[in-house]
Amino acid sequence: MATVPSPCTGVCRIEPKTGWCLGCRRTMDEIAGWRDMSEAGRRAVVAQLGEREPVRT
C-alpha cells in the first residue's frame, strides 16, 4: 500500500476560529504529528479534511 502523502499546500496559517490550517485544514496537532502518525491515522485525518468547511468572513 502506498504511503499517504501530506495534504500540505504550503499555505501554513492557522484560522483562530477553527484551529485549522487555511491551506490543508489540519489542526496543529495533526500537522505536528504527521511524520510519526501511522498510515491508518493519516488516512483517518485525510478522510476528515473534506468535512472541514472553510471559515466564511
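Every read-out reported here was derived from the displayed coordinates using simple, explicitly stated rules and does not represent laboratory data. Predicted model, so just to flag it, every value in this text is computed and none were measured. In this analysis, Cβ positions are derived from the backbone assuming ideal geometry, glycine residues included, and neighbour counts consider all displayed protein chains.
Rounded to the nearest 20 debye, the dipole size of the chain about its Cα centre is 160 debye, using +1 on the Cβ of Lys and Arg and -1 on the Cβ of Asp and Glu. Estimated from helices alone, the mean residue ellipticity of the chain at 222 nm is -8000 deg cm²/dmol (sum of -39500 (n - 2.57) over DSSP H runs with n ≥ 4, per residue). Summarising the amide proton neighbourhood of Ile14: residues at separation of 5 or more, or on other chains, whose placed amide H is nearer than 5 Å comprise Leu22. Each 10 Å bin from 0 upward holds the following percent of the Cα-Cα pairs of the chain: 24, 56, 18, 2. Between Arg13 and Ala40, the simple spin-label model (points 7 angstrom out along Cα→Cβ) gives 3.7 nm. A Förster distance of 22 Å, applied to the separation of the beta-carbon atoms of Arg52 and Thr3, puts the FRET efficiency at 0.50.
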